[in-house]
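The values are calculated or read from the model by the stated rules, or taken from the named source; none is laboratory data. In this text, all values refer to a predicted model and were calculated from it rather than measured experimentally. Every residue, glycine as well, gets a Cβ built from its backbone with ideal geometry; the counts of neighbours run over all protein chains shown. Accessible surface is based on the protein model in full, side chains and every heavy atom, while ligands, DNA and RNA are left aside. Shrake-Rupley method; radii C 1.70, N 1.55, O 1.52, S 1.80 Å.
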Amino acid sequence: MSCWTHITACFSVDTFIQDPPEKLIKQVEDYLKDAPKITGSESDADIFINVQSGHNYWTNYDCEHCKYQSTQREVIVDDKDYLECDAPDGHDCSAEYQSCIVISIQGDLRDRSKAQTKEEFKQFYKYIKKEYMIRDYAVNIEGE
Ligand SMILES: [Zn+2]
């Protein structure tokens, strides 16, 4: 007889990465490739990554990403380093980014006990925490 355990979890995470949404997701996906798995004998739990709405970071000189990035150079003003480019007057180099994401987990896990899944979730949590800031999370694990 097989037993099933079900997991539904959601993390609110700040990655502190300033990149456009697709690039941000790609970086998190790459990091999560090596994350401890939340396993089942048929299939492991699915992990989903979404970028939160709005933005939490804004800059005047986003010359690392702007159209004139090939001309960017370092300038020092009041002992602080800035990156600037040779954009013509009137070109807007500003940008806004959202570094906060939501990581959600859903799994119907065959042949796992609640205790096993709890332990695997704990390892996954630790792995996220090693690289990013977990702002909040919720988890529900149900056994049969
Ligand atoms: Zn620029």
Matching entry among K130, K126 (being among the basic types (K, R) and either within 22 Å of S53 (Cα to Cα) or in contact with a Pro (Cβ under 9 Å, 6 or more places away or on another chain) (or both)): K126
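Residue-by-condition table, conditions (1) open to solvent by 60 Å² or more (accessible area, probe 1.4 Å); (2) modelled with pLDDT of 95 or more; (3) of a type in the set (F, W, Y):
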{"site": "H91", "(1), (2), (3)": "yes, no, no"}
{"site": "R112", "(1), (2), (3)": "no, yes, no"}
{"site": "K122", "(1), (2), (3)": "yes, yes, no"}
{"site": "K126", "(1), (2), (3)": "yes, yes, no"}
Please verify whether the stretch 97-110 includes one or more residues that are outside any strand (DSSP E or B) and farther than 18 Å from D14 by Cα. no
